[in-house]
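> Take a look at the following structure, please.
The values are calculated or read from the model by the stated rules, or taken from the named source; none is laboratory data. From a predicted model like this one, the values you see are computed outputs, not experimental measurements. Reconstructed Cβ throughout: ideal geometry from the backbone, glycine too, with neighbour counts over all protein chains shown. Surface accessibility is based on the protein's heavy atoms, side chains included, excluding ligands, DNA and RNA. Shrake-Rupley method; radii C 1.70, N 1.55, O 1.52, S 1.80 Å.
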Amino acid sequence: MSTTLKVSDPVPLVGSLDEIYSPAGVLKNGQRWDSLATKFASVFSGSKPDFIARAPGRVNLIGEHIDYVGFSVFPAAIEKDILMATRVTYADSPADKVEVVLKNTTERFVETTFASEYHSTDGVQLLNEGDERWANYFKVAFKGLHSHLPAKVLDEKNAKRPVKIEVLVDGTIPPESSLSSSAAMTTCSSTVVLEAFGARELIDRKEMAEVAIESERLVGVNSGGMDQSASIFSIPNHALYISFYPTLEVQPTRLPPSTPDHTFVIVNTLVVSDKKVTGPVNYNLRVVETRMAARALAKYLGLKAAKDASCKDLRGVLETYFNENGGSGHIQTEMENSAAVKETLDRSGEEAARIKVLEEKVEALYSSSTLQAALPRSEVEKLTGYSGDSFDKEFLSSFPIRADAFELYKRSKHVFTEALRVLQFQALCKQHQTPASDEDDGKQVYSQLGALMDGSQTSLRDLYSCSCDELNQVIDIAKRNGSLGSRLTGAGWGGCTVHLVPKPKVEVFISAMRSQYYAKKFPELTKEQLEDACFDTQPAGGACVYKV
Ligand code: NG1
């Protein structure tokens with residue numbers, strides 16, 4: 001069943017770990033929470049924290065590289081998370097600044113301190129290098145939220161104005177592995193700032209998510225909004241259907257019941273992919289290519305708003321195309337011209353049919369094989385109608401990129417087909433919420449869900465070019481050992497994969513991964529490291545505060 005969720009609620013307070021983790025997760029994490037509070041007392045001169053903020057990582061089940069284009073995605077929070085044990089000292093006499101002290105249970109993240117005046121965060125500097133750079137995530141969350149804090153919170157008459165915030169951070173999400181450790185850091189930091197300033201109930205989760213998405217862009221990646229939304233809004237046992245258009249909305253969705261149960265197994269290739277470093281040739285370049293593709297498609301369709309902000313991404317072009325051509329009635333005309341659009345409308349509804357229409361327009365625009373290849377700038381200038389300085393301003397000014405040629409056809413094709421797969425995945429989940437009454441016991445729906453995941457991987461590998469040898473190897477092993485659907489998750493170029501596996505096959509699956517991938521590529525891994533690299537997971541709860 002799909003549960004409605006109010007994005008306008010504040011980050012919740014929880015009273016017990018059962019509200020966050022599965023029973024196995026409670027067992028695994030209970031001791032960690034206790035020892036974090038004890039460690040806090042030992043590193044911060046004796047006293048206990050006032051609260052522990054928590055934000056999870058996520059695994060994206062389907063819908064890759066389409067959040068920054070405006071299309072919906074389908075992730076779930078995982079149990080691995082960031083915890084921030086926090087103590088707040090309030091002013092007992094007039095003060096003009098707050099000091100933040102950040103420590104980490106992992107030694108390589110060294111202790112760091114920064115201070116900010118209450119009326120302005122301009123003095124808070126982000127660092128480009130060095131061991132204290134990890135504090136940037138907290139700093140951007142603080143800077144981002146500062147202008148949203150109600151005036152009464154920052155007012156000097158407010159006795160609850162913090163002068164010191166002491167934080168001990170502990171994380172279990174492997175960094176740079178596409179399970180969103182960075183979004184969990186930004187989200188957890190935002191939660192600490194809200195609680196410390198007494199503003200948790202004054203700023204709702206939707207506003208917090210929007211600020212966290214903007215804030216993380218300050219760290220240097222032109223990211224979408226999936227990760228922060230998943231980290232903030234998730235609830236246990238549900239995946240989240242997240243849509244960004246026209247505004248952020250979240251629909252928690254359960255996966256279909258089946259006998260036997262199915263689960264998602266995460267396999268980390270252990271190939272590190274740092275988006276901040278490779279952005280100019282990988283992630284940020286893809287964002288730019290999809291923007292070029294949007295302007296090219298808008299021009300081809302002859303849209304009046306082709307150069308307006310409404311057509312800056314492919315979702316915007318889709319909406320503008322239907323608005324300028326008679327709204328949803330136009331789909332009837334398109335249907336008469338295409339059996340595929342009609343079939344999509346019948347099977348998956350109008351939103352899906354609209355996407356199919358645009359996919360067909362992409363095929364028509366790039367019908368010649370020369371246009372389907374990587375295009376030099378001169379060709380992109382012709383297709384988009386932007387040249388010289390206006391080209392630089394439109395496409396090259398937000399984030400540095402490095403490329404001699406741009407793939408417009410392949411990126412557009414991936415975006416529309418992937419957006420369609422997300423709708424189909426969500427529709428299948430919603431249509432199969434009661435146990436199948438026949439012999440099938442959910443087999444058919446799970447094989448359909450798996451096929452959509454496989455389709456996503458093929459598209460990411462061949463059209464979006466963000467897979468890599470290790471990701472492909474892991475996926476091959478998975479498909480030979482019980483996985484119904486396997487794909488990379490997150491940005492790709494390394495990091496993790498996600499696999500849909502019937503529960504009785506999980507053990508065989510994991511042991512095949514160990515012998516066929518890890519033993520060959522990373523023979524030195526300890527038992528604990530192996531357990532951390534390859535594990536099955538249940539959808540977990542989102543960001544919260546636990547009062548100690
Ligand atoms: P990962 O690789 O998990 O950081 C990134 C983006 C997402 C999304 C995916 C690709 C950030 C913080 N996250 O995820 O918004 O675009 O890639 O689907 O940049």
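> What is the extension gain from Ala159 to Gln529, computed as 0.36 nm multiplied by their sequence separation minus the C-alpha to C-alpha distance, in nm to one decimal?
Values: separation 370, 0.36 × 370 = 133.20 nm, distance 4.70 nm.
Gain on stretching Ala159 to Gln529: 128.5 nm.
> Angle check, please: helix 350-365 long axis (alpha carbons) against the longest principal axis of the chain (alpha carbons), in degrees 0 to 90, nearest 10.
Approximately 60 degrees, to the nearest ten.
> Taking Cα pairs under 8 Å and at least six residues apart, what relative contact order does the chain come out at, in percent?
On the way: 1067 pairs, mean separation 132.5, N = 548.
For the chain, the relative contact order is 24 percent.
> So, with a 1.4 angstrom probe, what is the percent of accessible area on the chain that is carbon and sulfur?
On the way: 11110 of 22500 Å².
The computed percentage sits at 49.
> Work out how much length Arg347 to Lys304 would gain on full extension: take 0.36 nm times their residue separation and subtract the Cα-Cα distance, in nm to one decimal.
12.3 nm
> Near the amide H of Phe51, under 5 Å away, which other amide H atoms are found, from residues 5 or more places off or on another chain, if H is placed in the peptide plane?
Thr86, Val548
> If you filter segment 108-145 for trypsin sites (Lys or Arg not before Pro), then keep DSSP loop positions with at most 16 other Cβ within 10 Å, what is left?
Details: sites: Arg108, Arg133, Lys139, Lys143; in loops: Arg108.
Filter output for segment 108-145: Arg108.
> Let me ask you something else. Show the residues, 5+ positions off or on another chain, whose built amide H is closer than 5 Å to the amide H of Arg161.
Ala91
> Is there a quick way to get the dipole size of segment 283-433? I mean about its Cα centre, with the Cβ of Lys and Arg at +1 and of Asp and Glu at -1; what is the value in debye to the nearest 20?
Numbers: 22 positive and 22 negative charges, 57 e Å.
So the magnitude is around 280 debye.
> Over all alpha-carbon pairs of segment 283-433, lay out the pair-distance distribution in 10 Å bins, whole %, shortest bin first.
It works out to 11, 39, 33, 14, 3, 0, in whole percents.
> Based on the inverse mean of 1/r over its pairs of different Cα atoms, what is the Kirkwood hydrodynamic radius of segment 392-481, in Å? Kindly include the intermediate steps, with their values, before the conclusion.
Details: mean 1/r = 0.0625 Å⁻¹.
Hydrodynamic radius (Kirkwood, Cα pairs) of segment 392-481 is 16.0 Å.
> Sum up the charges of everything whose Cβ sits under 15 Å from the Cβ of Leu358, counting Lys and Arg as +1 and Asp and Glu as -1, but leave Leu358 out.
Result for the local shell: -1.
> Next question. Counting heavy atoms of the protein chains only and a 1.4 Å probe, report the per residue accessible area for the chain as a whole number of Å². Please list the in-between numbers first.
On the way: 22500 Å² over 548 residues.
Normalised by residue count, the accessible surface of the chain is 41 Å².
> A further question on this structure: Could you work out the relative contact order of segment 1-108, using alpha carbon pairs under 8 angstrom and six or more residues apart, expressed as a whole percent?
On the way: 80 pairs, mean separation 22.9, N = 108.
The value is 21 percent.
> Could you tell me the convex hull volume per residue, in Å³, taken over the Cα atoms of the chain?
Details: hull volume 88.0 nm³, N = 548.
So the per-residue Cα hull volume is 161 Å³.
> While we're here: So which of Lys6/Lys393; Lys80/Lys139; Lys521/Lys547; Lys139/Lys160 end up more than 32 Å apart by C-alpha?
Pairs exceeding the cut-off: Lys6/Lys393; Lys521/Lys547.
> Work through the residues other than Leu145 whose Cβ is under 13 Å from its Cβ and net out their charges, Lys, Arg +1 and Asp, Glu -1. Provide the component values of the computation, followed by the final result.
Numbers: positive: Lys139, Lys143, Arg200, Arg205; negative: Glu195, Asp204, Glu207, Glu210, Glu214, Glu216.
Summing Lys/Arg as +1 and Asp/Glu as -1 gives -2.
> Still on this model: Considering only the other residues whose Cβ falls under 15 Å of the Cβ of Ile475, what net charge follows from Lys and Arg at +1 and Asp and Glu at -1?
Values: positive: Arg461, Lys479, Arg480, Arg487, Lys521; negative: Glu64, Asp454, Asp462, Asp469, Glu470, Asp476.
Computed value for this residue: -1.
> Once every DSSP H run of n ≥ 4 in the chain is given -39500 (n - 2.57) and the sum is divided by its residues, what mean residue ellipticity at 222 nm do you get, rounded to the nearest 500 deg cm²/dmol? Present the calculation step by step, with values, prior to reporting the outcome.
Numbers: 20 runs with 227 residues, N = 548.
Roughly -12500 deg cm²/dmol at 222 nm, from the helical runs in the chain.
> Grab the Cα-Cα distance for Ala405 and Glu336, subtract it from 0.36 nm times how many residues apart they are, and report the gain in nm with one decimal. Could the numbers behind the result be given before it?
On the way: separation 69, 0.36 × 69 = 24.84 nm, distance 3.70 nm.
Extra length from Ala405 to Glu336 when fully extended: 21.1 nm.
> Further, regarding this structure: Could you give the nm distance between label points at Glu107 and Ala95, where each point is 7 Å from its Cα heading toward the beta carbon?
Here the modelled spin labels are 3.2 nm apart.
> Using r as the Cβ-Cβ distance of Gln448 and Arg480, and R0 as 25 Å, what FRET efficiency do you calculate, to the nearest 0.05?
On the way: r = 20 Å, r/R0 = 0.82.
FRET efficiency, Gln448 to Arg480: 0.75.
> In units of 2.2 N^0.38 Å, what is the alpha-carbon radius of gyration of segment 163-293?
Numbers: Rg = 16.9 Å, N = 131, 2.2 N^0.38 = 14.0 Å.
Expressed relative to 2.2 N^0.38 Å, the Cα Rg reads 1.21.
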